[in-house]
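S.K.: Please read through the structure below; I'll follow up with questions.
The values are calculated or read from the model by the stated rules, or taken from the named source; none is laboratory data. Note that the structure is a prediction, hence the values are computed from the model and not measured. Quick reminder, even Gly has a Cβ in these numbers, built from the backbone with ideal geometry, and neighbours come from all protein chains shown. Side chains are part of the model used for accessible areas, which takes the heavy atoms of the whole protein and leaves out ligands, DNA and RNA. Shrake-Rupley method; radii C 1.70, N 1.55, O 1.52, S 1.80 Å.
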Amino acid sequence: MTEKYITEGLTLLPKLPLPKLDQTFASLKKWRTPLLGVSEQNKLAEQIDAFQKSDAVELQSYLNQRWVETNANWLSPILRHHYLSNRQPVQTKTNFGFTISHDKLPHQDQLTITAKLLQNFADQYLSYVTGTAPVEKGSDDKPIDMSSYLSFFRTQRQPGVGHDYLQKTRHTVNNVEATVIYHQTVYQIRLIDHAGRVSTLHSLTEALTQMMNNPDPDTFFIGAYTGLPRNDAAKLRQRLSSSELNQANLTRISDSLLTVTLLDPSQSLTPQSVLLGSQNRLFDKTTQVIVSSDAQIGFAFEHSQIDVQTALRLVNSVVTKLDQTADQWDSKGKPHFQRLEWQLDHYTKEALSEADRRNAEVAQGLEFASKIVQAVGVEQLQDLKVDSDAFAQISLALAEYRITGSWRNISESTSMRQFYQGRAETVSTVTLEEKQFIEVFAAGARDAATRQLFNQAVTALAARMNLIQQGFGIDSHLLGLATMMSQHGGKAAFPDADEFFHSPFLNQLVNDFFSTVRLPTDLIDTFVSSPASPNGYTIGYSPLKNQIALSVSAWTSNDFEAEELLADIEDSLSTIFAWLTAERN
């Protein structure tokens, strides 16, 4: 049923290349230059040379063997393993989310908009399963990978001690449920029946109404375990599963299409509640929908097998169809749902209560801010003959330099769907040319030579992005080599590799101060995701026709608050834009 996106993709799309060692290390030496002092550069160069002449060759041979033996993507299983190995709570380590702009939603009540969301997700799922969804194309009008779309549905990251695993239910066209959570109580609602028909609007809204009118909600929320550190989550889930009834219920949740959390009037839908909850959420289900009592919508996703770019395309497909006219059958149909009952002993109840408390504590560790910068958009930048992405990245680097007085890594996540099973790649965007421009610009220079430096910075960034788009990512190649080391003997077998991968200079290069992602849509109000490093920030930016939308996620322990950083970024955008405009005139 999915040959259109799986088997046919092998012939339609190129295979991700495996970079050569010389190319990766040459790029690494060049890319580290703006971030390190001379002595640090020399020290890292020595470690690179030692690694390249010894362990790197053997590790590359292991990677090359993988590349030769698969027709698929050599990187995808390595990335998946990397995500699943992390032991931190998923909501603060791998998950990301979106809140939807109010003006992009139809005027509907909570029950109606939830029912339509469920219908639209079911329709999208069926279109992928049956192969009727049209093949998407990139800006060059060539096909792009769609193999990951089915990973959004009927999947869940299951906790394990030491390493998680992905549970995937076979994709069928009939007998599919969704999981609905309200007031700590979990329900299964029929979404696609035995004949492959999507439930009607009436049947869904009636079922949701009865759930929300339940006078006796659960006292303990079974899903609280999903927000714990993964080893702890595994132990609590194992205890829950000792009951056959509980195990059957947990399996139904894993098998369900997705989860929907309904908020009551006392609960606001905020960026924090979308990503972090902390209550009434199954954080390790791949696709999570949150709907407030005033019909505002948020989406959260577990990142192990999907990326931001494909999630955004899916969300756009679902949300833009919310105002479609209901058909004649939508006024009919009986509700089909079941409340899940649980067998909980005293110890499990105490453990779930403690998990709720810990999840609430985790939820206080992040803060978010968003803003629209007006009169600076794609149209205005095109008039100035400046690429909007390059403009945004240079402005972010200026903001970083202004607030820190130093240079730290800024990365951008970029889609690689032009390759079969392509996963997003990160690229360091601070170039030597960018550094030279910003230091001169920050010192007050505004002459023709400064504009020349700006143009050189734009060109250097474009060249770097082009290298990544060809499939020669540094971060992914280094991750692959590190994975081969851990799988073939570790430090004892590869001492030079271990010294290299644990070098403080390398960590300074790969640990992001700003982790950025471009969101090419006006649908999103706020993008939320935990920063990649302990003192870093996540920044989402959307260059739109006449404005740029910005979102900042920050740890509450950071030196700069999210709102503070947002103001600095806005000022940097406006300052460079005003200079470019004046320089042209």
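S.K.: Restricting the search to the range 323-340, which residues are modelled with pLDDT of 95 or more and open to solvent by less than 30 Å² (accessible area, probe 1.4 Å)?
M.R.: Leu340
S.K.: So if I check each of Leu509, Leu550, Leu519, Leu544, which one is touching a Lys or Arg at 6+ places or on another chain (Cβ under 7 Å) and closer than 28 Å to Gly138 by Cα?
M.R.: On the way: Leu509 fails: closer than 28 Å to Gly138 by Cα; Leu519 fails: touching a Lys or Arg at 6+ places or on another chain (Cβ under 7 Å); Leu544 fails: touching a Lys or Arg at 6+ places or on another chain (Cβ under 7 Å).
Answer to the selection: Leu550.
S.K.: Are any residues in the range 220-255 free of Cβ contacts under 8 Å to residues at least 40 places away in the same chain and among the polar types (S, T, N, Q), and if so, which ones?
M.R.: Within the range 220-255, Gln238, Ser241, Ser242, Gln247, Thr251 qualify.
S.K.: Report yes if Thr251 is open to solvent by 10 Å² or more (accessible area, probe 1.4 Å) and either farther than 27 Å from Ala360 by Cβ or among the acidic types (Asp, Glu) (or both), otherwise no.
M.R.: Details: open to solvent by 10 Å² or more (accessible area, probe 1.4 Å): yes; either farther than 27 Å from Ala360 by Cβ or among the acidic types (Asp, Glu) (or both): yes.
It is true that Thr251 is open to solvent by 10 Å² or more (accessible area, probe 1.4 Å) and either farther than 27 Å from Ala360 by Cβ or among the acidic types (Asp, Glu) (or both).
Listed here are the residues, each with its yes/no results for (1) free of Cβ contacts under 8 Å to residues at least 24 places away in the same chain; (2) surrounded by fewer than 21 Cβ atoms within 10 Å (Cβ to Cβ); (3) not in a helix (DSSP H, G or I).
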| residue | (1), (2), (3) |
| --- | --- |
| Ser127 | yes, yes, no |
| Val135 | no, yes, yes |
| Asp141 | yes, yes, yes |
| Gly160 | no, yes, yes |
| Thr172 | no, yes, yes |
| Ile181 | no, no, yes |
| His194 | yes, yes, yes |
| Leu204 | no, no, no |
| Pro217 | no, yes, yes |
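S.K.: Somewhere in the range 30-47, is a residue among the β-branched types (Val, Ile, Thr) and without any contact (Cβ under 8 Å) to a residue 24 or more places away in the chain? Show your work before the answer.
M.R.: Filtering the range 30-47 down to residues among the β-branched types (Val, Ile, Thr) leaves 33, 38.
Of the ones still in play, those that are also without any contact (Cβ under 8 Å) to a residue 24 or more places away in the chain are 38.
So far as the range 30-47 goes, yes, one or more of its residues are among the β-branched types (Val, Ile, Thr) and without any contact (Cβ under 8 Å) to a residue 24 or more places away in the chain.
S.K.: Is it fair to say Gln296 is open to solvent by 10 Å² or more (accessible area, probe 1.4 Å), in contact with a Leu (Cβ under 6 Å, 6 or more places away or on another chain) and not aliphatic (A, V, I, L, M)? Walk me through how you get there before you give the answer.
M.R.: Numbers: open to solvent by 10 Å² or more (accessible area, probe 1.4 Å): yes; in contact with a Leu (Cβ under 6 Å, 6 or more places away or on another chain): yes; not aliphatic (A, V, I, L, M): yes.
When the stated conditions are applied, Gln296 passes them.
S.K.: Let me ask another. Kindly provide the set of residues from the range 341-365 that are assigned to a loop (DSSP other than H, G, I, E, B), open to solvent by 50 Å² or more (accessible area, probe 1.4 Å) and in contact (Cβ under 8 Å) with a residue 24 or more places away in the chain, ordered by number. Don't jump to the end; show me each part of the working.
M.R.: Looking only at the range 341-365, we keep the residues that are assigned to a loop (DSSP other than H, G, I, E, B), and these are 341-345, 364-365.
With open to solvent by 50 Å² or more (accessible area, probe 1.4 Å) added as a condition, the list becomes 341, 343, 345, 364.
Once the filter is applied, which keeps residues that are assigned to a loop (DSSP other than H, G, I, E, B), open to solvent by 50 Å² or more (accessible area, probe 1.4 Å) and in contact (Cβ under 8 Å) with a residue 24 or more places away in the chain, the range 341-365 yields Glu341, Gln343, Gln364.
S.K.: I would also like to ask the following. Do you know which residues across the range 387-425 are β-branched (Val, Ile, Thr), open to solvent by 10 Å² or more (accessible area, probe 1.4 Å) and part of a helix (DSSP H, G or I)? Break it down stepwise before answering.
M.R.: Pass one, the range 387-425, residues β-branched (Val, Ile, Thr): 394, 403-404, 410, 414.
From what's left, open to solvent by 10 Å² or more (accessible area, probe 1.4 Å): 403-404, 414.
Those that are β-branched (Val, Ile, Thr), open to solvent by 10 Å² or more (accessible area, probe 1.4 Å) and part of a helix (DSSP H, G or I): Ile403, Thr404.
S.K.: When the residues of the range 61-77 are narrowed to those that are within 30 Å of Val318 (Cβ to Cβ) and surrounded by fewer than 21 Cβ atoms within 10 Å (Cβ to Cβ), which ends up nearest to the chain's Cα centre (by Cα)? First the steps, then the outcome.
M.R.: First pass over the range 61-77, keeping only residues within 30 Å of Val318 (Cβ to Cβ): 72-73, 75-77.
Now narrow it down to the ones that are surrounded by fewer than 21 Cβ atoms within 10 Å (Cβ to Cβ): 72, 76-77.
On the way: Ala72: 22, Ser76: 15, Pro77: 17 Å.
Result: Ser76.
S.K.: I've got another one for you. Give the number of residues within the range 289-317 that are in a strand (DSSP E or B) and under 18 Å from Ser76 (Cβ atoms).
M.R.: Let us first name the residues in the range 289-317 that are in a strand (DSSP E or B), namely 289-291, 297-301.
Checking which are under 18 Å from Ser76 (Cβ atoms) leaves us with 301.
Count: 1.
S.K.: Identify, from the list Gln88, Gln108, Gln119, the residue that is in the same structural domain as Asn213 (by the TED database) and open to solvent by 30 Å² or more (accessible area, probe 1.4 Å).
M.R.: Details: Gln88 fails: in the same structural domain as Asn213 (by the TED database); Gln119 fails: open to solvent by 30 Å² or more (accessible area, probe 1.4 Å).
The match here is Gln108.
S.K.: Would you pick out the residues in the range 2-54 that are of a type in the set (Val, Ile, Thr), surrounded by 13 or more Cβ atoms within 10 Å (Cβ to Cβ) and at pLDDT below 85?
M.R.: The answer is Thr2, Ile6.
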